[in-house]
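Asks: Here it is, the structure in full.
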Amino acid sequence: MSLTPSTMLPLGTTAPDFRLPDTHGKMISLADFQDQAALLVIFMCNHCPYVVHIRSGLAQLARDYAPRNVGIVGINSNDAKNYPADSPAKMKDEVKSAGYIFPYLYDETQAVAKAYRAACTPDIFLFDRRRRLVYRGQFDASRPGNDLPVTGKDLRAALDAELAGKPASEFQVASIGCNIKWRSGHEPDYF
């Protein structure tokens, strides 16, 4: 496992467009979230211990914020050929076992991960109503093995600020986790 931090995309960046299949084959795009007050995009996967560590907290966060008009989408950009635990079929199982209520999309070409400059799982991006980046960073300070509880404190604070019409704290800690499993020869040039 290679520990990789988020690239910390500049605040104010416009959300890159996407159109990807969910676990049922339905195409989901950025435009599908146009009526949401905010949009949370999470690059994640099924097998990364850092994602597994926060999965129940992430499922709870979605149950807490989806009713508050927050669009939430998970995107798996890992190379499923070399990492079959992240295949679309396994993603369908993960949605069910984790209790995710948000669409979980598969980025087979890895173009969407590159557009967002995603680097790790989880890599978290929160956009405002105009789809400008207001938060990118950690879910909370909990990590596998550090005995801190999974609360989603950092992300929840950013969501609450956005929904209250206030700016998120400018003190944002990079997310850290496993590197996205790039297809051979398709590694991005932003590292």
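The values are calculated or read from the model by the stated rules, or taken from the named source; none is laboratory data. Nothing here was measured: the structure is a model prediction, and the numbers come from that model. All Cβ positions, glycine included, derive from the backbone under ideal geometry; neighbour counts span all protein chains shown.
Asks: Scan the range 92-110 and give yes if some residue there is of a type outside the set (Val, Ile, Thr), at pLDDT 95 or above, closer than 18 Å to residue 179 by Cα and over 13 Å from the mean Cα position of the chain (by Cα), otherwise no.
Replies: yes
Asks: Wholly within the range 103-183, which strands (runs of 3 or more DSSP E) include no fewer than the required count, namely at least 1 residues that are within 26 Å of residue 90 (Cα to Cα) and of a type in the set (Phe, Trp, Tyr)?
Replies: 104-106, 123-127
Asks: Have a look at 31, 37 and point out the one that is in contact with a helix residue (DSSP H, G or I) (Cβ under 9 Å, 6 or more places away or on another chain) and within 15 Å of residue 128 (Cα to Cα).
Replies: 37
Asks: Being in contact with a Phe, Trp or Tyr (Cβ under 6 Å, 6 or more places away or on another chain) and either farther than 24 Å from residue 5 by Cβ or of a type outside the set (A, V, I, L, M, F, W, C) (or both) is true for just one of 137, 74. Which residue is that?
Replies: On the way: 137 fails: in contact with a Phe, Trp or Tyr (Cβ under 6 Å, 6 or more places away or on another chain).
Among 137, 74, only 74 is in contact with a Phe, Trp or Tyr (Cβ under 6 Å, 6 or more places away or on another chain) and either farther than 24 Å from residue 5 by Cβ or of a type outside the set (A, V, I, L, M, F, W, C) (or both).
Asks: Yes or no: residue 169 more than 14 Å from residue 41 (Cβ to Cβ), among the small types (Gly, Ala, Ser) and modelled with pLDDT under 95?
Replies: Criteria met by residue 169.
Asks: Restricting attention to the range 108-117, does a residue exist that is within 24 Å of residue 157 (Cβ to Cβ) and touching a residue at least 60 places away in the same chain (Cβ under 8 Å)? Break it down stepwise before answering.
Replies: The initial filter retains those residues of the range 108-117 that are within 24 Å of residue 157 (Cβ to Cβ), namely 116-117.
Keeping just the survivors that are touching a residue at least 60 places away in the same chain (Cβ under 8 Å) gives 116-117.
Yes, some residue in the range 108-117 is within 24 Å of residue 157 (Cβ to Cβ) and touching a residue at least 60 places away in the same chain (Cβ under 8 Å).
Asks: Please go through the range 134-191 and give me each residue that is surrounded by 19 or more Cβ atoms within 10 Å (Cβ to Cβ), touching a strand residue (DSSP E or B) at 6+ places or on another chain (Cβ under 9 Å) and among the small types (Gly, Ala, Ser), ordered by number.
Replies: 137, 158, 168, 175, 177
Asks: Next question, about the same structure. Examine the range 84-91 for a residue that is touching a helix residue (DSSP H, G or I) at 6+ places or on another chain (Cβ under 8 Å), assigned to a loop (DSSP other than H, G, I, E, B) and over 23 Å from residue 155 (Cα atoms), and state whether such a residue exists.
Replies: no
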